[in-house]
Structure formats: C-alpha cells, structure tokens
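The values are calculated or read from the model by the stated rules, or taken from the named source; none is laboratory data. Because the structure is predicted, anything quoted here is derived from the model rather than measured. Using ideal geometry, Cβ is built from the backbone for each residue, glycine included, and neighbour counts are taken over all protein chains shown. Accessible surface is based on the protein model in full, side chains and every heavy atom, while ligands, DNA and RNA are left aside. Shrake-Rupley method; radii C 1.70, N 1.55, O 1.52, S 1.80 Å.
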Amino acid sequence: MTAGLVGAALALSLAAPARAGETPTAPAPPVTPTASVTPATATATAPAPASPVGWRLTPTGTDVRFRGLAAVDRRTAWAAGSRGTVLRTTDAGRTWRNVSLPGGEGLELRDVEAFDARRAVVLAIGEGEASRLLRTEDGGATWTETFRNTDPRAFYDCVTFLDRRHGLALSDPVDGRFRVLATRDGGRSWHVLPDSGMPPALPGEAGFAASGQCLITADRGGNDVWFATGGAATARVFHSADRGRTWTVTDSPVPAGDPARGVFALAFRDRHHGLAVGGDYRTGQPSPRAAAVTTDGGRTWTSAATPPPAYRSGAAWLPRANGAALAVGPTGTDLTRDGGRTWRTVDTGSYDTVDCTPDGGCWASGEKGRVARLARH
C-alpha cells in the first residue's frame, strides 16, 4: 500500500480531509429518507465590521458534515456528506429534501456534481470498494451505482464534469502515477484512462478529499482540467488541455512537506485565471502562504501578497464580478477583489466548501449540517 493510500485510509477513519488525521466529528443521527426538512429561523454568522458579504444559514435538520456541494442556481443546490447523506433544495434553502442513498449509512460522500434539479453524481471515498460513484436522474428518489473501485491501491478524492456528458474522477497515485477515471455519458459508465500521459507522482504525494475541489474545470467550460496535490515535499498543480489524456505539472508556492499540508482546492474563472488555496488543516497549526494565483492557466503560480490568515479548503469566483472570489475554511471566509492577490476575512463561520452559479447564487457547506447562502449587505 502506498504512503498516500495509507494516509488516505487513516483520514477516512477520522472523517478528515484525505491523508491526514483530524479530530473526528460526532456521528450524525440518521435522517428519514425522502423527508422534507421543516423550515426554521435561519441565523447568520457574524461578519466582520463593514463586510459587504456574509453567510445566512439554512435549516438542514441534520448535523452531518457536508464536504460535497453543487450549486445549480440561486434556488437549487445539492449537498453531500457523511453517512451517505444527500440533501437537495429547490427553494433557495427554505426547505431541504433528504434524498440520501438507501443503505448508504457507511459511505463517506465528499463530492457531488449536479446538472440540474433532477440529475446529479455523487462520489464516495475510501480504500478499495469504498470508493464509488452513483447517479440519480429523478432528483434523488433513486440512485444507481455506476462505478465501484476494485483496486485496493486506489483511493478516489474528487469528481468533476466538463459538460453534461464528459467527466473525470481522480484517485491518489497507483504504481507511482495519479489515476483518472473518465465518463462520456454523464456518469452512467466510467473507465480508467491510460496513465502514459501522467507525470510521475512525488513520494507521499496525493490529493485531498476535503471539499470536492481538488479536481476542477474552468467555470466557462472547455477542455481544460486541473488537479491539486499535497503531502509531498512540494504542493503541485497538474493541468490537462485535452480532457485528461495528457498532463503537465507545476510547483506551487503553497507550503507542503507534511501529509496535512498542500493545496486543497482550485478555482478557475476561465482557462487563464486561477486560484489555489490550502495550508495545514490541523487545528492550531500555522498556514503561511495559504493561497496562490495564476494568470497563465497554471504554468506559473505566485503567492498571494496578503493570504488568508489560516487554512482554507474551498474557493470560488464570485459571479458577475471579475477579480472577486471567496475562500472558505473551518475558521472563516475570506474575500478577494483583486484576483487573489490580497484577501480579507469577511465571516468567521466554519465551512469546508463553496460554490457559485452564473445567475448570482453562492452557497457554502461544512460541519454540523451547515449549508448557507451568500447574503450581500
């Protein structure tokens, strides 16, 4: 078993980002399938003074941790988390319908990709057969397993789609190279891509299953795909311009050198302008230079002049606002208005991931059942 896989298995057992050892969260109580969550009074985490944005919590009715999030539009979003839990809203978070996987209480869901209010793909992570992909075409009323990993050396971290048909899923290295799955039919079937076009992995290098954003495409589509790593001596960013057939790799300035450190999330608003965020996810550990920016598609990366003050696991570009983006983590949310060069904290609530939509909707999710919509002040 590779070092990355050993760490990934440990991380899963602790309900932490893949390959590290975070304090486990308490097991969440089961939620009755297909039940609609009754609205409750939403509370807002206190933003920093004079902040232009902040999060308004929505009532999910559960305390599971949601590291998977897919925002479809301002009214529709999906959240996926521990105990095989999947929630869906179509009324801007006023109510959430539990559309969890039947018999999936033992599955750790870390990513969800949604095409609309009815069609979505979820990724369960873990060693060997714990890594699975499932698809729904009826809003979560039924789920079909479309891939189950049978290689005990593989551990899948993230999934992404370039369009409604073409998608990729990323595994930690197998035989010294990252493994990539591909689908050409919207996630109904998957196949392993040849690794001849994949650069060798570094010793200890792996992805982080922390926010569903270790493997991403540009917001405006195309053929470009990127994935981020950590755990090795250097945190790196891989890029493919041909939908995963061949890859190049570049060092990032985000510190690594430990299984708990590296780049945890990427966000690209087009094929040139991208953000990388991460750090050291262990509570109380410093995370200097926890963000970087690229303007050439990831060929080169520059440290943020004023980075977020702590580890961040998710990032998203704000819609209709060139140069503005959000980064989230357990200790808060940061905003940049200059393309990632400088960041400032605008909210102190705990979130693991964030996603924004072209119509102006932004959502975030995390521990203790937290799912929130962005509120502008």
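What about Glu145, is it surrounded by fewer than 16 Cβ atoms within 10 Å (Cβ to Cβ), out of contact with any helix residue (DSSP H, G or I) (no Cβ under 7 Å at 6 or more places or on another chain), modelled with pLDDT of 95 or more and closer than 30 Å to Phe268 by Cα? Quick ask: steps written out before the conclusion?
Details: surrounded by fewer than 16 Cβ atoms within 10 Å (Cβ to Cβ): yes; out of contact with any helix residue (DSSP H, G or I) (no Cβ under 7 Å at 6 or more places or on another chain): yes; modelled with pLDDT of 95 or more: yes; closer than 30 Å to Phe268 by Cα: yes.
Yes; evaluated as a whole, the condition is true for this residue.
Starting from segment 64-75, keep only residues that are more than 16 Å from Thr217 (Cβ to Cβ) and modelled with pLDDT of 95 or more, then list their pairs with residues that are among the basic types (Lys, Arg) and part of a strand (DSSP E or B) whose Cβ atoms are within a distance under 7 Å, requiring at least 6 positions of separation or different chains.
These pairs meet every condition: Arg67/Arg110; Gly68/Arg110.
Pull up segment 66-98, narrow it to residues that are among the hydrophobic types (A, V, I, L, M, F, W, C) and open to solvent by 10 Å² or more (accessible area, probe 1.4 Å), then point me to the one that is farthest from Arg370 (Cα to Cα).
Within segment 66-98, the subset among the hydrophobic types (A, V, I, L, M, F, W, C) is 66, 69-72, 77-80, 86-87, 92, 96.
Adding the requirement that they be open to solvent by 10 Å² or more (accessible area, probe 1.4 Å) leaves 69, 71-72, 92.
Values: Leu69: 11, Ala71: 15, Val72: 18, Ala92: 14 Å.
Residue satisfying both the conditions and the ranking: Val72.
Among the listed residues Asp138, Asp172, Asp151, identify the single one that is in a loop (DSSP other than H, G, I, E, B), on the phi < 0 side of the Ramachandran plot and open to solvent by less than 30 Å² (accessible area, probe 1.4 Å). Full working, then the answer.
Numbers: Asp138 fails: open to solvent by less than 30 Å² (accessible area, probe 1.4 Å); Asp172 fails: in a loop (DSSP other than H, G, I, E, B).
Going through Asp138, Asp172, Asp151 in turn, the sole match is Asp151.
Residue check: is Ala92 under 23 Å from Ala218 (Cα atoms) and among the small types (Gly, Ala, Ser)? Step through it out loud before you land on a result.
Working: under 23 Å from Ala218 (Cα atoms): no; among the small types (Gly, Ala, Ser): yes.
Answer is no for this residue.
Report yes if some residue within segment 183-206 is β-branched (Val, Ile, Thr), over 20 Å from Gly297 (Cα atoms) and touching a Gly at 6+ places or on another chain (Cβ under 7 Å); otherwise report no.
Going through segment 183-206, the residues β-branched (Val, Ile, Thr) turn out to be 183, 192.
This time we only want the ones that are over 20 Å from Gly297 (Cα atoms), so: 183, 192.
Filter once more, so that each one left must be touching a Gly at 6+ places or on another chain (Cβ under 7 Å): 183.
Yes; the residues of segment 183-206 include at least one that is β-branched (Val, Ile, Thr), over 20 Å from Gly297 (Cα atoms) and touching a Gly at 6+ places or on another chain (Cβ under 7 Å).
Out of (1) surrounded by 15 or more Cβ atoms within 10 Å (Cβ to Cβ); (2) over 22 Å from Cys158 (Cβ atoms), the odd one out for Thr295 is which?
Thr295 satisfies every listed condition except (1).
Pairs, please: C-beta under 6 Å, at least 6 apart or cross-chain, first residue farther than 17 Å from Glu113 by Cα and in segment 149-171, second in a loop (DSSP other than H, G, I, E, B)?
Asn149/Ser131
So Gln285 fits all but one of (1) at pLDDT 95 or above; (2) farther than 26 Å from Gly361 by Cβ; what number is the exception?
Unmet condition: (1).
Step by step: first the residues of segment 154-167, then only those that are more than 14 Å from the chain's Cα centre (by Cα) and of a type outside the set (Asp, Glu), then the one that is surrounded by the most Cβ atoms within 10 Å (Cβ to Cβ). Which residue is that? First the steps, then the outcome.
Residues of segment 154-167 that are more than 14 Å from the chain's Cα centre (by Cα), as a first pass: 154-155, 162-167.
If we keep only those that are of a type outside the set (Asp, Glu) too, we end up with 154-155, 162, 164-167.
On the way: Ala154: 20, Phe155: 34, Leu162: 17, Arg164: 12, Arg165: 13, His166: 20, Gly167: 26.
Step by step, filter segment 154-167, then rank; the result is Phe155.
Considering segment 194-235 alone, what residues qualify as being of a type in the set (D, E, K, R), open to solvent by 20 Å² or more (accessible area, probe 1.4 Å) and at pLDDT 95 or above?
Of the residues in segment 194-235, the ones of a type in the set (D, E, K, R) are 195, 205, 219-220, 224.
Those still in the list that are open to solvent by 20 Å² or more (accessible area, probe 1.4 Å) too: 195, 219-220.
Passing the criteria: only Asp195.
What's the total number of residues in segment 230-277 that are part of a strand (DSSP E or B), in contact with a Phe, Trp or Tyr (Cβ under 8 Å, 6 or more places away or on another chain) and more than 17 Å from Arg312 (Cβ to Cβ)?
Here the count works out to 7.
Could you list, in sequence order, the residues of segment 270-279 that are surrounded by fewer than 23 Cβ atoms within 10 Å (Cβ to Cβ) and free of Cβ contacts under 8 Å to residues at least 60 places away in the same chain?
Filtering segment 270-279 for residues surrounded by fewer than 23 Cβ atoms within 10 Å (Cβ to Cβ) gives 270-273.
Answer for segment 270-279, where residues must be surrounded by fewer than 23 Cβ atoms within 10 Å (Cβ to Cβ) and free of Cβ contacts under 8 Å to residues at least 60 places away in the same chain: Asp270, Arg271, His272.
What are the pairs, 6+ residues apart or on separate chains, where a residue within segment 315-343 that is under 17 Å from Ser211 (Cα atoms) has its Cβ under 9 Å from a residue that is of a type in the set (Lys, Arg) and in a strand (DSSP E or B)?
These pairs meet every condition: Asp334/Arg344.
For segment 319-335, how many residues meet the condition of being on the phi < 0 side of the Ramachandran plot and at pLDDT below 95?
Final tally of qualifying residues: 3.
Of all residues in segment 336-361, which are at pLDDT 95 or above, closer than 28 Å to Thr90 by Cβ and open to solvent by 10 Å² or more (accessible area, probe 1.4 Å)?
Ser350, Asp355, Cys356
Select from segment 175-184 the residues that are open to solvent by 50 Å² or more (accessible area, probe 1.4 Å) and either closer than 19 Å to Glu113 by Cα or at pLDDT below 95 (or both) and list them in ascending order.
Arg184, the sole residue that qualifies.
So, in segment 280-314, how many residues would count as being touching a residue at least 40 places away in the same chain (Cβ under 8 Å) and among the aliphatic types (A, V, I, L, M)?
Total meeting the criteria: 3.
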